[in-house]
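**Student:** The following block contains the structure, expressed as structure tokens.
Where a number appears in this text, it was derived from the coordinates with a stated rule and is not lab data. The structure presented is a predicted model; accordingly, all values stated were derived computationally and were not measured. Cβ placement follows ideal geometry from the backbone for every residue including glycine, while neighbour counts extend to all protein chains displayed.
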């Protein structure tokens, strides 16, 4: 049996194992399994791979902290210093990033033609780096917002900043099940029907963040399409399939 999986800190509500289970069933793949592995520290990835695992996805909070325990990074992961996919090649662990591919390809190409070329990214973790890279690749200015001092502070998000942006992306875990009553603290009253508001969270399907933004007329999108795209790209990497 070929073993794959997902590592993270709290994976009770993750969709990934079910996604791959359905994929294997639908495509007649009988020699593979995909499981969730909750780990307490990133170095545990080494022990997991010693148990015949061939590939892992990586989620919060290990997309950056797992890097020192890998032997190499592909060009994309190296450029943004965040990993969400690991492949065992011989005795080496190689890090990749498919979040960038997933986010970019989940957005309608027509969006990138807008005149307002600024995007607001809530959070500065590993996923935010992929989003920032995509925005900048499309010649958008990326405005990072953080509580840690790495970027603009949340209380600096005023009407002018929000209305000069065309997309607002939540890359934080705020609002993720089971904590569905939380959301980023931003002035939602300044969001309009000229905004695309995107939440990388896919469980619940519509977070409080998206509900509040949608109530003001914004187009809203959750992270489910992105998840499927990055998962498929991970499978291609593990199985040496060219994209």
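**Student:** Note down the nm distance, to one decimal, between modelled labels 7 Å out along Cα→Cβ at residue 113 and at residue 147.
**Tutor:** Roughly 4.0 nm, to one decimal.
**Student:** Further, regarding this structure: What percent does the relative contact order of the chain come to when contacts are Cα pairs within less than 8 Å and at least six residues apart? Don't skip to the answer; put the middle values down first.
**Tutor:** Numbers: 455 pairs, mean separation 36.6, N = 243.
That works out to 15 percent.
**Student:** Where the centroid of each part is defined by its Cα atoms, how far is region 165-223 from region 1-77 in Å?
**Tutor:** 27 Å
**Student:** Sorting check: for 136-149, 103-116, which peptide has the highest mean count of neighbouring beta carbons within 10 Å, and how do the rest follow?
**Tutor:** Working: 136-149: 15.3, 103-116: 13.7.
Highest-to-lowest ranking by the protection proxy: 136-149, 103-116.
**Student:** So for region 62-162, averaging the separation of alpha carbon pairs under 8 Å that are six or more residues apart and normalising by length, what relative contact order in percent results? It would help to have the intermediate numbers written out before the result.
**Tutor:** Details: 141 pairs, mean separation 21.8, N = 101.
This gives 22 percent for region 62-162.
**Student:** List 199, 92, 75 from most exposed to least, where exposure is judged by having the fewest other Cβ atoms within 10 Å. Don't skip to the answer; put the middle values down first.
**Tutor:** On the way: 199 28, 92 11, 75 8.
Arranged by neighbour count, lowest to highest, 199, 92, 75 become 75, 92, 199.
**Student:** I'm a student and want to see the number: the projected area of the Cα convex hull of region 1-65, averaged over all directions, in nm². Intermediate values should be presented prior to the final figure.
**Tutor:** Numbers: hull surface 17.3 nm².
The number I arrive at for region 1-65 is 4.3 nm².
**Student:** In percent, what relative contact order does region 101-225 have, based on Cα pairs under 8 Å that are 6 or more apart in sequence? Before the final figure, lay out the partial values.
**Tutor:** Numbers: 229 pairs, mean separation 26.9, N = 125.
Over region 101-225, the number comes to 22 percent.
**Student:** Calculate for the chain the 222 nm mean residue ellipticity that helices alone would give, adding -39,500 (n - 2.57) per DSSP H run of length 4 or more and normalising by residue count, nearest 500 deg cm²/dmol. If you can, show how the numbers build up before the last one.
**Tutor:** Working: 8 runs with 71 residues, N = 243.
The helix contribution divided over the chain gives -8000 deg cm²/dmol.
**Student:** Which value, to two decimals, describes the C-alpha radius of gyration of region 101-225 once divided by 2.2 N^0.38 Å?
**Tutor:** Numbers: Rg = 13.1 Å, N = 125, 2.2 N^0.38 = 13.8 Å.
Dividing the Cα radius of gyration by 2.2 N^0.38 Å gives 0.95.
**Student:** Using alpha carbons only, what's the Rg to Rh ratio of the chain with Rh from Kirkwood?
**Tutor:** Values: Rg = 18.0 Å, Rh = 18.5 Å.
That ratio is 0.97, to two decimals.
**Student:** Determine, from the Cβ-Cβ distance of residue 241 and residue 26 and an R0 of 22 Å, the FRET efficiency 1/(1 + (r/R0)^6), rounded to the nearest 0.05. Could the numbers behind the result be given before it?
**Tutor:** Working: r = 17 Å, r/R0 = 0.77.
That gives a FRET efficiency of 0.85.
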